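Single-structure report; data block below.
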Amino acid sequence: MRPKPYKIHTFNTINSNPLFHLKHSMKKTLLYIILFFCVLTNTASAQSPASKADIFPKGTTIYENIPYANDTLIKHRLDIYLPPVKKLSYPLIVWIHGGAWMSNDKYADMGYMANTVKLFMDKGYALASIDYRFSTTAPFPAQIQDCNQAIEFLYENAAQYNIDASKIALIGFSAGGHLASLVGLSNNDHVKAFYTNKKEPQFKISLVLDFYGPSDLLTIKGNDNKDPKNPVTLLLGAMATERPDLAKKASPIYYVDKGDPPFLIVQGEKDQSVNPEQSVSLSDKLKKAGVKNELIIVPGAPHYGVMFDTESTRISIREFLDQYMK
């Protein structure tokens with residue numbers, strides 16, 4: 001049985017402070033105090049419909065915190081967003097958040113990519129945002145196992161949520177871009193370690209939208225950093241220079257072949273966290289394999305932010321969606 005959805009609607013905000021009204025009657029004071037704690041309670045539960053109203057259009061149907069791994073782990077949950085325009089089935093875009101594999105959640109990156117989210121909704125795409133285990137609690141390959149399991153859950157339950165299981169695209173940011181790329185490129189490589197219980201999924205990926213994701217952990221900037229809290233070290237459970245075999249296994253670029261899905265790669269010119277060569281190298285490798293791809297270097301852009309949510313980038317996204325998701 002699928003979770004009960006809710007629809008985004010508009011809200012009127014109350015700016016008054018209940019404590020200001022203590023000088024009034026006890027009845028009025030009590031009323032405000034009750035209202036105040038109701039607001040606190042709603043705010044504490046994940047992310048309230050009011051906050052999503054800033055990103056998703058009115059009429060969006062939301063299924064929230066769906067467990068995808070048949071357990072109770074918070075990081076094994078996903079959300080599904082269905083656009084206001086009703087259809088028999090929606091092509092699906094799976095959103096994989098960034099955070100150096102050790103922070104953020106399935107709501108991350110949406111705030112500064114609000115216009116891109118709106119594009120997906122306006123074009124009639126379902127959006128599913130997934131959580132995955134952090135490297136601080138479970139090293140690689142836990143993250144890629146979770147992503148594959150979440151997508152397989154969506155594939156197997158597509159009919160319940162009016163999803164077209166034959167049209168699945170991935171979008172990821174930073175660490176999420178790495179995971180989206182790794183899912184897309186390894187999907188036809190039969191790497192049993194990437195799947196829970198070594199059971200390979202049935203889904204196929206039609207398109208990958210990779211925003212500044214690391215592609216090669218052997219050459220990423222700072223991979224030789226001996227700090228045990230270095231993100232790559234935490235992900236692998238060892239320094240990349242000490243375990244090049246593991247770093248290679250976790251690197252999307254080593255799974256490129258002619259059977260891979262198309263890629264749109266977006267990279268900031270001034271990225272200090274993921275050196276732009278990561279995206280350039282991946283694009284070159286895809287070209288050599290005959291895989292359709294486009295690389296966008298955003299002038300002056302840092303590692304993330306609103307500079308990636310521009311009309312010019314959305315035009316390229318729209319073109320890729322129109323070509324490979326119809």
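The values are calculated or read from the model by the stated rules, or taken from the named source; none is laboratory data. The model shown is predicted, which means the values in this text are computed figures rather than measured ones. No Cβ is skipped: glycine too gets one built from the backbone with ideal geometry, and neighbour counts run over all protein chains shown.
What to note about this one:
- Qualifying residues in the range 102-120 (those that are touching a residue at least 24 places away in the same chain (Cβ under 8 Å) and either touching a Gly at 6+ places or on another chain (Cβ under 9 Å) or among the charged types (D, E, K, R) (or both)) - the one surrounded by the most Cβ atoms within 10 Å (Cβ to Cβ): 109
- Per the conditions (1) surrounded by fewer than 18 Cβ atoms within 10 Å (Cβ to Cβ); (2) touching a helix residue (DSSP H, G or I) at 6+ places or on another chain (Cβ under 7 Å), the sole criterion not satisfied by residue 135 is (1).
- Against the test of being part of a helix (DSSP H, G or I), out of contact with any Gly (no Cβ under 9 Å at 6 or more places or on another chain) and farther than 20 Å from residue 125 by Cβ, the options 245, 322 yield a single qualifying residue, 245.
- Selected residue (criterion: nearest to residue 99 (Cα to Cα)) from residues of the range 69-89 that are more than 15 Å from the chain's Cα centre (by Cα) and in contact (Cβ under 8 Å) with a residue 60 or more places away in the chain: 73
- Residue in the range 204-220 that is in a helix (DSSP H, G or I) and touching a residue at least 40 places away in the same chain (Cβ under 8 Å) present: no
- Cross-chain or 6+ apart pairs with Cβ under 8 Å, the range 151-169 first and farther than 18 Å from residue 183 by Cβ, then assigned to a helix (DSSP H, G or I) and at pLDDT below 95: none
- Residues that are under 20 Å from residue 110 (Cα atoms), touching a helix residue (DSSP H, G or I) at 6+ places or on another chain (Cβ under 8 Å) and either aliphatic (A, V, I, L, M) or part of a helix (DSSP H, G or I) (or both) within the range 297-310 comprise 298, 301, 306, 308, listed in sequence order.
- Restricting the range 226-237 to residues that are surrounded by 13 or more Cβ atoms within 10 Å (Cβ to Cβ) and without any contact (Cβ under 8 Å) to a residue 12 or more places away in the chain, the residue that is nearest to residue 249 (Cα to Cα): 233
- Filtering the range 194-246 to residues that are at pLDDT 95 or above and of a type in the set (Gly, Ala, Ser) leaves 206, 213, 215, 237, 238, 240.
- Criterion: in contact with a helix residue (DSSP H, G or I) (Cβ under 9 Å, 6 or more places away or on another chain), of a type in the set (A, V, I, L, M, F, W, C) and exposed (fewer than 14 other Cβ atoms within 10 Å of the Cβ) - qualifying residue of 247, 193, 240: 193
- In the range 135-167, the residues that are within 24 Å of residue 5 (Cα to Cα), of a type in the set (A, V, I, L, M, F, W, C) and in a helix (DSSP H, G or I): 147, 150, 151, 153, 154, 158, 159
- Qualifying residue in the range 262-269 (condition: of a type outside the set (Gly, Ala, Ser) and farther than 22 Å from residue 93 by Cβ): yes
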